1. Convert each backbone phi in the range 91-107 into a coupling constant with the Karplus relation 6.51 cos²θ - 1.76 cosθ + 1.60 (shift: θ = phi - 60°), then list the ³J(HN,Hα) values in order as whole Hz, x for Gly and Pro.
2. Please compare each pair in LYS188/LYS234; LYS125/LYS234; LYS145/LYS234; LYS188/LYS220; LYS111/LYS145 to a cut-off of 25 Å on the Cα-Cα distance and tell me which ones are over it.
3. Give the long-range amide H neighbours of ILE278: residues separated by 5 or more places, or on another chain, with amide H under 5 Å away, using H modelled in the peptide plane at 1.01 Å from N.
4. Taking LYS103 as the anchor, which aspartates and glutamates have their alpha carbon closer than 13 Å to its alpha carbon, excluding any fewer than eight residues away along the same chain?
5. May I ask you to evaluate 6.51 cos²θ - 1.76 cosθ + 1.60, the Karplus curve with θ = phi - 60°, for each residue of the range 250-257 and list the ³J(HN,Hα) values in order in whole Hz, giving x for glycine and proline?
6. So if I place +1 on the C-beta of Lys and Arg and -1 on the C-beta of Asp and Glu, and nothing else carries charge, what would the dipole magnitude of the chain be about its Cα centre? I want it in debye, nearest 20.
7. Taking the Cα centre of the range 49-111 as origin, sum charge times position over the Cβ atoms of Lys and Arg (+1) and Asp and Glu (-1), and report the length of that vector in debye to the nearest 20.
8. How many angstrom lie between the C-alpha centres of the range 261-290 and the range 66-118?
Amino acid sequence: MPSASIATAATDPAMVVAFQGAPGAYSHLACREALPAMVALPCPSFEDAFAAVREGRASCGLIPIENSTAGRVADIHQLLPEGGLFITAEHFLRVRHQLLAPKSASLKTVKRVYSHVQGLSQCRKVIKELGLEAIVASDTAGSAKDVAERNTVEEAAIASSIAGELYGLQVLRPDIEDNHTNTTRFIKLERQRRDPDVAAPNSLTAIMFRVRSVPAALYKALGGFATNGVNVVKLESYLSDGFQVAEFYAEIEGHPAQASVDLALQELEYFSSSLKVIGVFTAHAFRRQS
């Protein structure tokens, strides 16, 4: 399995992928799965990860956009329009929570477990079964790091397998999540669009738009997809400009160079005050397995 390498100042930026979080975060694990030949650059915030790619310290970023249990990831849709980056691929990560503890600990000695609130809430059954005190921490990877540093047999963390490797913890019990279909979708972001060939199958086009302030504008704008036989697989709205303006993020099946998609986008643009294609990419095989 590829190493969980972390980028340093000497690392060639062309081989660097930026992610949000601490070393050992689930985003770090996603980088290992999706881009095993690259080294990972931890960033404190999503804004920092975007900036690392935009400024050339990383050639791409891998950012979570939605989770099958928790829904969409906050802030991402606000960053995409002005972030200066394009979606070039997607990756789906099955979230597998590990119960991690120091090498000297066992299920009999552990009394407290630390993790992000989502990690704790997604592992309620095992926490109750083992009679552990659940303590909320800022993030999963940080919990593993802190448990390793304190090195007491009474403490454990819920985090990723890569966090256990990085911080020298053992897995007391693997895959303890209540929901074994819990999945996070990530998008790969780069400075340039990398559209697949128009003849390639399973293309998706991601767009952001703002409709004109007239009655039935959204209805009319989306009508072009129906009349041209273009399937909309995702549509989300969010408010901007002090709750005054609704903006939309959408993903549609097809390539902008295809006649049907081009006509649908032209009709959308007619009823919109702004429209931007923020990526054309190949749908991940996970979609066809679901």
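Each reported figure results from applying straightforward, stated rules to the coordinates on display, with no laboratory input. On a predicted model such as this, the values are computed, not experimentally measured, just so you know. Heads up, the Cβs are rebuilt from the backbone with ideal geometry, glycines too, and the neighbour counts pull from every protein chain shown.
1. 9, 10, 10, 6, 7, 10, 8, 10, 8, 10, 7, x, 4, 7, 8, 8, 4
2. Numbers: LYS188/LYS234 17 Å; LYS125/LYS234 32 Å; LYS145/LYS234 37 Å; LYS188/LYS220 31 Å; LYS111/LYS145 18 Å.
Going by Cα-Cα distance, LYS125/LYS234; LYS145/LYS234; LYS188/LYS220 fall outside the 25 Å limit.
3. HN-HN under 5 Å from ILE278: ALA206, ILE207, MET208.
4. GLU149, GLU154, GLU155, GLU165
5. 9, 10, 10, 7, x, 10, x, 7
6. Working: 28 positive and 31 negative charges, 124 e Å.
Using Cβ point charges on Lys, Arg, Asp and Glu, the chain gives about 600 debye.
7. On the way: 8 positive and 5 negative charges, 128 e Å.
Approximately 620 debye in magnitude.
8. So the separation of the two Cα centres works out to 27 Å.
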